[in-house]
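What follows is a short report on a single structure.
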Amino acid sequence: MKSSLATIPNTEVRSLSSAIVDQEYRIYVALPFYYQTVKDHYPVLYLSDANAMFGTVTETIRMLQMFQELPQMVIVGIGYPVNDFRQTLGLRARDLTPTEDDAWNEGVKNLTHGDYEIDGTGGAANFLRFIRDELKPYIESNYRIQTEDSTILGHSFGGLFGLYALLKAPDTFRRYVLSSPSIWWDRQALFEYEEAYAGEHHDLPATVFISAGTLEESMLVPVRGVPARFVTNVNDMASKLHDRGYENLALTHHVFEDENHFSGGPGAISRGLRVVFSS
């Protein structure tokens, strides 16, 4: 019996070098099945942690599209040129966290026995610039997309980055799906970003879904060994954003019963995308 590698139909993989981050990214692109024959322009979904999540997100979206629960879209996964998600641990910590934390770097190095390269932390500003100034223009010049209709989806550190983008440059995306965002990072520094944004703005034009699982509340933060309090942090962030009374903010937050940090992700993908595209 012959064997061959399994692939996701109608997808492409491209390399894109960033001068801003000084990093080569592996960009995964999933196209609508009739992309070559139906010459429409499509909404675009950007996804962090594509090395781990691209397949799950793509096939979940395609199943939901069968019953028209989601529109046809171009899916763009942002990954790294490695074959094992564990090899991205240092890279994603660098790109997806908003502040530097030297203790985290040293702790992860000890936790992994030095098996994975540590690339520092606090690079979210540069990663956001990469998306805005390099990746989005690249996608817009190579694919037929609706330039004003983009969504970001991220889980864990990816959710933390999405929340950072929402509070620093909300016009980057129209929709935000923030699954189990690591708001615990650096003593909950994102609450300071939220306070600063509210002090200067009276509007937050975005459609946002934010979620966590009940079993994440007592989950211990790796390295630090203290409770991550995902549910409390998500509830508090959602309450703060809601209480600001932003005219153009459509906000939904959800807590998944009996789900942990890994099992809650697929539910957030499905529910979150249906919510933000129906709002």
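Annotations
- Amide proton proximity set for Ile145, modelled H, under 5 Å, gap of 5+: Tyr42
- Note on the chain: GNM, Cα springs under 10 Å; of Ala212, Ala52, Ala19, the largest mean-square fluctuation is that of Ala19.
- Phi angles across segment 222-227 convert, under the Karplus curve 6.51 cos²θ - 1.76 cosθ + 1.60 with θ = phi - 60°, into 3J(HN,Hα) values of x, 6, 7, x, 10, x Hz, Gly and Pro given as x.
- For Asp101, neighbours were defined as the other residues whose beta-carbon sits under 15 Å from its Cβ, and their charges (Lys and Arg +1, Asp and Glu -1) total -2.
- In sequence order, segment 139-146 has phi-based couplings of 5, 5, 8, 10, 9, 7, 10, 8 Hz under the Karplus curve 6.51 cos²θ - 1.76 cosθ + 1.60, θ = phi - 60°, and Gly or Pro positions carry x.
- Model label sites at Ala6 and Met66, defined 7 Å from Cα along the beta-carbon direction, differ in position by 1.6 nm.
- Secondary structure note: in segment 3-105, about 75% of the DSSP beta bridges are antiparallel.
- Each principal axis of the Cα atoms in segment 11-278 has its own extent, and those three values, largest first, are 53, 44, 38 angstrom.
- Between the amide H of Tyr25 and those of Leu16, Ser17, Ser18, distances stay under 5 Å, these residues lying 5 or more places away or on another chain, with hydrogens modeled in the peptide plane.
- Leu251 long-range amide H proximity, modeled H, under 5 Å: Val208
- Residue among Pro227, Pro181, Pro205 with the largest mean-square fluctuation in a Gaussian network model of the chain, springs linking Cα atoms under 10 Å: Pro227
- Charge sum, other residues only, whose C-beta stays under 10 Å from Val255's C-beta, Lys/Arg counted +1 and Asp/Glu -1: -4
- If you take all other residues with their beta carbon under 12 Å from the beta carbon of Pro9, and give Lys and Arg +1 and Asp and Glu -1, the sum is -1.
- For segment 2-19, putting each phi into the Karplus relation 6.51 cos²θ - 1.76 cosθ + 1.60 with θ = phi - 60° gives couplings of 6, 10, 8, 5, 7, 10, 8, x, 6, 10, 9, 10, 10, 10, 9, 8, 9, 6 Hz, in residue order, rounded to whole numbers and with x for Gly and Pro.
- Under 18 Å of direct C-alpha separation, and excluding same-chain neighbours fewer than eight residues apart, Lys240 reaches these aspartates and glutamates: Glu192, Glu194, Glu195, Glu200, Asp203.
- Helical mean residue ellipticity (222 nm; -39500 (n - 2.57) per DSSP H run of 4+; nearest 500) of the chain: -11500 deg cm²/dmol
- Taking Glu12, Glu100, Glu216 as the candidate residues, the one with maximal mean-square fluctuation in a Gaussian network model of the chain, Cα springs under 10 Å, is Glu12.
- Antiparallel bridge percentage (DSSP; both residues within the chain; nearest 5): 35
Here, each number is a calculation from the coordinates, and none is a lab measurement. Small disclaimer: the values here were computed from a predicted structure and weren't measured. Every residue, glycine among them, receives a Cβ derived from its backbone with ideal geometry; neighbour counts consider all protein chains shown.
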